[in-house]
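Each remark here refers to the structure printed beneath this line.
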Amino acid sequence: MIAGELGQRYVIRSSRLLTVFLVLSAALLVLLISNLPLAAGWRLAGAAWVLSAAGFVLLRDAWLRTARSCVAFDLAPQQRITLIPHKSEPVAGSMDATSFVSPYLALINITTDSGKRRSLVIMPDSMGEADFRRLRVQLRWSDQG
């Protein structure tokens, strides 16, 4: 964690846990699709769609390899957040009430100032243990007046 201009800055690194989860999920979906009573072409199209979507999420969220991958973010008062992408301009917005915090996962749902929606998945191995704990506490109690 670094003190940013807008509040607390958290730096994110690539996550092996998220990689394993996404790969296993995609493999199970492809297995399920391959056993559906559909024509071979439809099963192939479904498997290709699952694999391409999983590949995109792996590159963007688990491995942080795309220009829009969030490598850091600033949390500020009044549920404000600024995402710091890998190779593009920062994106400001506000956290949604649908965000989820647990000991093993933080899912931050964001509505940007331009009205777009984005989710940020943070696993325990995405940052240091103390930073992850501090983030969870800050997210859990940020909406308490």
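Would you say Gly41 is at pLDDT 95 or above, exposed (fewer than 12 other Cβ atoms within 10 Å of the Cβ) and in a helix (DSSP H, G or I)?
On the way: at pLDDT 95 or above: yes; exposed (fewer than 12 other Cβ atoms within 10 Å of the Cβ): yes; in a helix (DSSP H, G or I): yes.
Here the answer is yes, as Gly41 does meet what is asked.
If you check Ala97, Ala106, which single one turns out to be farther than 17 Å from Val11 by Cα and of a type in the set (Gly, Ala, Ser)? Working first, answer last.
Numbers: Ala106 fails: farther than 17 Å from Val11 by Cα.
Just one listed residue meets the conditions, Ala97.
Got a number for residues in the range 40-67 being under 18 Å from Leu18 (Cβ atoms) and among the basic types (Lys, Arg)?
The total comes to 2.
For the range 11-51, give me each residue that is touching a Phe, Trp or Tyr at 6+ places or on another chain (Cβ under 9 Å) and either without any contact (Cβ under 8 Å) to a residue 12 or more places away in the chain or not aliphatic (A, V, I, L, M) (or both).
Hits for the range 11-51 are Ser14, Ser15, Thr19, Leu36.
Take the residues in the range 67-85 that are under 13 Å from the mean Cα position of the chain (by Cα) and outside any strand (DSSP E or B), then tell me which one is farthest from Gln8 (Cα to Cα).
Applying the filter and picking the extreme gives Arg68.
Would you confirm whether any residue within the range 77-91 is over 23 Å from Asp113 (Cβ atoms), at pLDDT 95 or above and surrounded by 14 or more Cβ atoms within 10 Å (Cβ to Cβ)? Step through it out loud before you land on a result.
From the range 77-91, those over 23 Å from Asp113 (Cβ atoms) are none; that's our starting set.
There is no residue in the range 77-91 that is over 23 Å from Asp113 (Cβ atoms), at pLDDT 95 or above and surrounded by 14 or more Cβ atoms within 10 Å (Cβ to Cβ).
The values are calculated or read from the model by the stated rules, or taken from the named source; none is laboratory data. As the structure is a computational prediction, the values presented were derived from the model and not from experiment. Cβ sites come from the backbone with ideal geometry, for glycine too, and all protein chains shown count toward neighbours.
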